[in-house]
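Q: What follows is a structure written as structure tokens; I'll ask about it next.
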């Protein structure tokens with residue numbers, strides 16, 4: 001990205017505002033706008049400076065950060081990162097329209113502050129990338145070093161419905177497209193997609209053969225069909241067809257991941273969540289070999305540590321991550 005991300009910081013503490021501005025000012029991809037002392041000040045600065053990303057405190061006098069985002073930022077579709085010392089406010093802020101949440105450092109130790117600034121920096125950069133529209137169409141002239149992630153794929157089985165619900169509810173509405181394979185009986189996948197749609201800032205629907213991929217859309221594989229990623233005339237779409245079970249399943253995670261490895265190469269993120277068996281392990285390995293970012297849910301947060309374990313043991317997953325951090329890892333990897 002050649003144009004710096006215009007960042008607006010909103011916090012009633014001048015000390016904290018200045019500390020954030022100093023911590024982020026060394027990054028050439030970010031242009032720090034004049035900071036705002038409260039939401040009312042921020043409303044004027046949004047009109048004046050047109051920020052690409054906003055970082056906002058939640059606890060502020062007059063108008064809190066939740067009201068500010070819900071009533072003044074969400075309608076403008078500006079990605080916003082909320083900050084609070086109270087982790088319990090995370091779900092409330094995300095439901096109000098925040099793109100991400102970070103807990104403020106509990107102490108002023110160098111290690112804790114450095115980690116906080118690093119996490120915030122990566123979120124700002126990646127949300128700024130998502131906010132700057134990009135074309136999902138494959139660019140034949142792109143260089144080998146271009147590793148912008150244009151697609152997220154998720155596979156899960158036992159316990160996966162709740163795990164996927166958690167991940168999607170913590171991703172922003174302008175996220176890259178997502179393809180989901182959940183082992184689920186025919187007839188239940190549509191209801192599952194509708195439930196996800198109600199809880200997610202993104203649009204979620206059951207995939208139909210020929211559906212085109214676009215940012216802000218998540219597609220759930222039909223309960224009786226394999227879903228593959230295809231490309232035609234520089235447009236990506238899903239191919240949903242009946243077929244023999246693979247690894248005992250239709251839809252199969254391996255089938256989707258294999259197609260993504262071939263079609264998207266390094267431009268994808270693959271995630272294996274909780275589930276029994278080893279469906280998806282080989283496909284995730286193919287994705288990693290092709291250059292994709294790959295993650296697996298860790299044992300402690302998995303209902304059944306089968307699929308993630310199989311993927312990690314063969315080197316398919318770069319690392320294992322608690323369910324509570326998977327959405328953030330996705331954003332940091334875009």
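The values are calculated or read from the model by the stated rules, or taken from the named source; none is laboratory data. As the structure is a prediction and not an experimental result, all values here were calculated from the model. Note: ideal-geometry Cβ built from the backbone for every residue, glycine included; neighbour counts use all protein chains shown.
Q: Condition (residue is out of contact with any helix residue (DSSP H, G or I) (no Cβ under 7 Å at 6 or more places or on another chain) and within 24 Å of residue 177 (Cα to Cα)) applied to region 96-118: is it met by at least one residue?
A: For region 96-118, residues out of contact with any helix residue (DSSP H, G or I) (no Cβ under 7 Å at 6 or more places or on another chain) and within 24 Å of residue 177 (Cα to Cα): absent.
Q: Only residues that are within 15 Å of residue 152 (Cβ to Cβ) and surrounded by fewer than 21 Cβ atoms within 10 Å (Cβ to Cβ): list them for region 258-287, please. Before the answer, list the steps.
A: First, pick out the residues of region 258-287 that are within 15 Å of residue 152 (Cβ to Cβ): 259-261, 263-273, 280, 283-284, 287.
The answer is 263, 265, 266.
Q: Provide a single number: the residues in region 26-60 that are surrounded by 13 or more Cβ atoms within 10 Å (Cβ to Cβ) and over 22 Å from residue 87 (Cβ atoms).
A: Applying the first criterion (surrounded by 13 or more Cβ atoms within 10 Å (Cβ to Cβ)) to region 26-60 yields 27, 29-33, 35-43, 45-46, 49, 51-60.
Now narrow it down to the ones that are over 22 Å from residue 87 (Cβ atoms): 27, 29-33, 35-38, 40-43, 45-46, 49, 51-52.
Residues that pass the stated criteria total 19.
Q: Surrounded by fewer than 19 Cβ atoms within 10 Å (Cβ to Cβ), in contact with a strand residue (DSSP E or B) (Cβ under 9 Å, 6 or more places away or on another chain) and either assigned by TED's automatic domain parsing to the domain that holds residue 79 or farther than 18 Å from residue 315 by Cα (or both) - does that describe any residue in region 249-257? Even if it seems obvious, please write down each step before you answer.
A: Start the filter on region 249-257 by keeping residues that are surrounded by fewer than 19 Cβ atoms within 10 Å (Cβ to Cβ), which leaves none.
No, because not a single residue in region 249-257 is surrounded by fewer than 19 Cβ atoms within 10 Å (Cβ to Cβ), in contact with a strand residue (DSSP E or B) (Cβ under 9 Å, 6 or more places away or on another chain) and either assigned by TED's automatic domain parsing to the domain that holds residue 79 or farther than 18 Å from residue 315 by Cα (or both).
Q: Just for region 300-325: of the residues that are touching a helix residue (DSSP H, G or I) at 6+ places or on another chain (Cβ under 7 Å), modelled with pLDDT of 95 or more and in a loop (DSSP other than H, G, I, E, B), which one is nearest to residue 87 (Cα to Cα)?
A: Per the criteria, the residue is 301.
Q: List the helices (runs of 4 or more DSSP H) that sit entirely inside region 185-291 and contain at least 2 residues that are farther than 17 Å from residue 162 by Cα.
A: Working: elements: 189-199, 253-264, 281-289.
Answer list for region 185-291: 253-264, 281-289.
Q: Sticking with this one: Checking residue 278 against (1) touching a strand residue (DSSP E or B) at 6+ places or on another chain (Cβ under 7 Å); (2) over 29 Å from residue 125 (Cβ atoms), which test does it fail?
A: (1)
Q: So, in region 34-73, how many residues would count as being farther than 8 Å from residue 8 by Cβ, touching a strand residue (DSSP E or B) at 6+ places or on another chain (Cβ under 9 Å) and outside any loop (DSSP other than H, G, I, E, B)?
A: Final tally of qualifying residues: 11.
Q: If you take the residues of region 162-175 that are under 28 Å from residue 262 (Cβ atoms) and modelled with pLDDT of 95 or more, which of them is farthest from the chain's Cα centre (by Cα)?
A: 163
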